[in-house]
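The next block holds one structure in the form of structure tokens; read it before the comments.
The values are calculated or read from the model by the stated rules, or taken from the named source; none is laboratory data. What you see is a predicted model, and the numbers here were worked out from it, not measured in a lab. Neighbour counts run over all protein chains shown; Cβ positions are idealised from the backbone, glycine included. The area values use the complete protein model at the heavy-atom level, side chains included, leaving out ligands, DNA and RNA. Shrake-Rupley method; radii C 1.70, N 1.55, O 1.52, S 1.80 Å.
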Amino acid sequence: MVCRISLKHPSLFGRSEKLDVILDKGVNDSNVVVAFRRPRPEWLSQQSFVIQHSMTPEIAVHGFPADNFTRSGSRGVNLSRLSLGVEINEPTTSKWTSGTSVKFEHIRPVNNDGRSIARDHEGFPLTCSGNLHDNMIILKQESGYADVKDNSFLRVNFQMEQGLPLVPKSLTFNRVKCAVSKGIKLGPTFLVTSLTGGSIVGDMAPYQAFAIGGLGSVRGYGEGAVGSGRLCLIGNCEYTVPLAKNLEGSLFMDCGSDLGSARHVPGNPALRQGKPGFGVGFGYGVHFNTDIGQIRVDYAMNAFSRKTFYFSINTGGAGS
């Protein structure tokens, strides 16, 4: 359960400057975002100054798989993440979106009591520096392409993060992730396939690894229960059939792999937790299209014949 408080000011200094303050609080996590945006003409880049602090359980990489990999349990590692920086969003064209950001991040692993820790319960480091925290300055570039037609769509999203060595002991790395999805209408039915790949080179803390498994990745597995590595490759395929007005049924299959890169993550947490590194999940679901978005109920089974239910709301709309 998540509680959200959102405060907005449409004209902070009387010149249409916008101030947004958002607080999300869950049972074990929290997130605070403060964003200040200056007014700009639509044909110019939109600039924002953003401060964010989050506290989240780190179960995707440091959690342990349970119940034949259908759940991920906590080992008492949480991440306190403070970031501040500038975001620049380029004017949107008919099919392209683009954004650039530069931010400073201070990441501190803590235990369940809120005390800073540098090592996990087995004595392996939780940070790249080996200290109680990591600092990094990140230049991020993100581009998106969407070509939506009556009978098909193509979407591409590309992200690249570059760690810059501008402060002492800051992490220097390059992290790339690309996702491509294609949808085709086959009579009254719809087929969607997607492929996601990622790579990270250079300095790396364990929490930066690509986590594979869970909703939005490989269903039938807990979050990160398939594996976590410097590389990832995830494929999804879903076939949707209309059942009634605003009601659809679907068949799906997901698969994912760390491509043998788990051993290159500092401390090799995936190997120590017995994660397989490759997983396949398949199942079926029903989707209800409503005014607030698409309500989904999925039933998935993993390679160990263990079954999991997922409930989600996709506010992006149906068929995506």
Tabulated pairs, the stretch 46-70, first closer than 23 Å to Arg263 by Cβ and in contact (Cβ under 8 Å) with a residue 60 or more places away in the chain, second open to solvent by less than 70 Å² (accessible area, probe 1.4 Å) and part of a helix (DSSP H, G or I), C-beta under 6 angstrom, 6+ apart or interchain
Glu58/Tyr207; Val61/Pro206; Val61/Tyr207; Val61/Pro269; His62/Pro269
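Conditions (1) within 19 Å of Arg71 (Cα to Cα); (2) touching a residue at least 12 places away in the same chain (Cβ under 8 Å); (3) hydrophobic (A, V, I, L, M, F, W, C), marked per residue:
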position: Ser217; (1), (2), (3): yes, yes, no
position: Tyr221; (1), (2), (3): yes, yes, no
position: Gly224; (1), (2), (3): yes, yes, no
position: Cys237; (1), (2), (3): no, yes, yes
position: Thr240; (1), (2), (3): no, yes, no
position: Ser250; (1), (2), (3): no, yes, no
position: Asp258; (1), (2), (3): yes, yes, no
position: Ser261; (1), (2), (3): no, yes, no
Looking only at the stretch 31-62, how many residues end up being modelled with pLDDT of 90 or more and exposed (fewer than 15 other Cβ atoms within 10 Å of the Cβ)?
1
Can you name every residue in the stretch 165-185 that is of a type in the set (A, V, I, L, M) and crowded, with 16+ Cβ neighbours inside 10 Å?
Leu171, Ala179
Looking at Val297, Val280, Val286, Val265, which is the one that is aliphatic (A, V, I, L, M) and touching a helix residue (DSSP H, G or I) at 6+ places or on another chain (Cβ under 8 Å)?
Val265
Asp298 out of contact with any Cys (no Cβ under 7 Å at 6 or more places or on another chain), open to solvent by 70 Å² or more (accessible area, probe 1.4 Å) and among the acidic types (Asp, Glu):
no
Those residues of the stretch 129-145 which are open to solvent by 40 Å² or more (accessible area, probe 1.4 Å) and within 21 Å of the chain's Cα centre (by Cα), in sequence order
Leu139, Lys140, Gln141, Glu142, Tyr145
What is the residue count in the stretch 238-254 for residues that are open to solvent by 50 Å² or more (accessible area, probe 1.4 Å) and under 24 Å from the mean Cα position of the chain (by Cα)?
3
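This table checks each residue for (1) on the phi > 0 side of the Ramachandran plot; (2) part of a loop (DSSP other than H, G, I, E, B); (3) small (Gly, Ala, Ser).
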| position | (1), (2), (3) |
| --- | --- |
| Gly222 | no, yes, yes |
| Cys237 | no, no, no |
| Leu243 | no, no, no |
| Met253 | no, no, no |
| Arg263 | no, no, no |
| Lys275 | no, yes, no |
| Val286 | no, no, no |
| Gln294 | no, no, no |
| Ile313 | no, no, no |
Go through the stretch 63-124 and tell me which strands (runs of 3 or more DSSP E), entirely inside it, have 3 or more residues that are surrounded by 13 or more Cβ atoms within 10 Å (Cβ to Cβ).
71-73, 78-89, 96-110
Leu23 vs. criteria among the aliphatic types (A, V, I, L, M), assigned to a strand (DSSP E or B), touching a strand residue (DSSP E or B) at 6+ places or on another chain (Cβ under 7 Å) and exposed (fewer than 13 other Cβ atoms within 10 Å of the Cβ):
no
Test: residue in the stretch 153-162 that is within 13 Å of Lys103 (Cβ to Cβ) and without any contact (Cβ under 8 Å) to a residue 40 or more places away in the chain:
yes
Pro39 fails exactly one of the following numbered conditions: (1) under 21 Å from Gly213 (Cβ atoms); (2) assigned to a loop (DSSP other than H, G, I, E, B); (3) not basic (Lys, Arg). What is the number of that condition?
(1)
Of those in the stretch 197-232 that are touching a Leu at 6+ places or on another chain (Cβ under 6 Å) and either modelled with pLDDT under 95 or not hydroxyl-bearing (Ser, Thr, Tyr) (or both), the residue least open to solvent (accessible area, probe 1.4 Å) is Gly197
Which one of these does Pro188 not meet: (1) open to solvent by 30 Å² or more (accessible area, probe 1.4 Å); (2) free of Cβ contacts under 8 Å to residues at least 60 places away in the same chain; (3) out of contact with any Pro (no Cβ under 8 Å at 6 or more places or on another chain)?
(3)
